[in-house]
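Okay, so here's the structure we're looking at.
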Amino acid sequence: MFGKRSVIGTAAVAMAAVGAMLTSAPSAQAAPANCTVSYGSGAGSTISSLCTGGTGHHRIHAVLNALDPRLPQRVVLGDWAPVGQTSVAVNPWGSGYIQSIWSETVDW
């Protein structure tokens, strides 16, 4: 009889542990969505990204051609910003030197 009671007690503890894990599970994250990129035209202007959907973080990422074509390209990054806030970086040379630009996204 003692063995049967022990098995039932062990099963009850296991079910309680599973219930606790399910109730404390973190909410699902989704990468940012609906991201837009904008930039000014002059030297020293800003480039920015804004994501309005999903969760997580984003930042502006741009590759600029150098003023002197013999020099390597330059990468410009903004700070990580949560969805709904803007990530901003400075473009020292102006929009004519932008090779590529996009919003980099993560789901944390």
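Some notes on this structure:
- A prolate overall shape is assigned to segment 51-108, the ratio a/c of its alpha-carbon gyration tensor axes (a ≥ b ≥ c) being 1.5 or greater and a/b exceeding b/c.
- Two-site label geometry, ARG74 and VAL106: point separation in nm, points 7 Å out along Cα→Cβ: 2.5
- Rounded percent of accessible protein surface that carbon and sulfur make up, segment 33-106, 1.4 Å probe: 51
- Rounded to whole Hz, the Karplus (6.51, -1.76, 1.60) HN-Hα couplings of segment 85-90, x for glycine and proline: 10, 9, 9, 10, 9, 9
- Each peptide in 47-57, 74-84 was scored by the mean count of other Cβ atoms within 10 Å over its residues; highest first, the order is 47-57, 74-84.
- Using R0 = 30 Å, the C-beta based FRET efficiency linking GLN85 and ASN65 works out to 0.55.
The values are calculated or read from the model by the stated rules, or taken from the named source; none is laboratory data. Since we're looking at a predicted model, the values are computed, not measured. Counting neighbours? That spans all protein chains shown, and the Cβs are built from the backbone with ideal geometry, glycine included. To get the accessible areas, we keep the full protein, side chains included, count just its heavy atoms, and leave off ligands, DNA and RNA. Shrake-Rupley method; radii C 1.70, N 1.55, O 1.52, S 1.80 Å.
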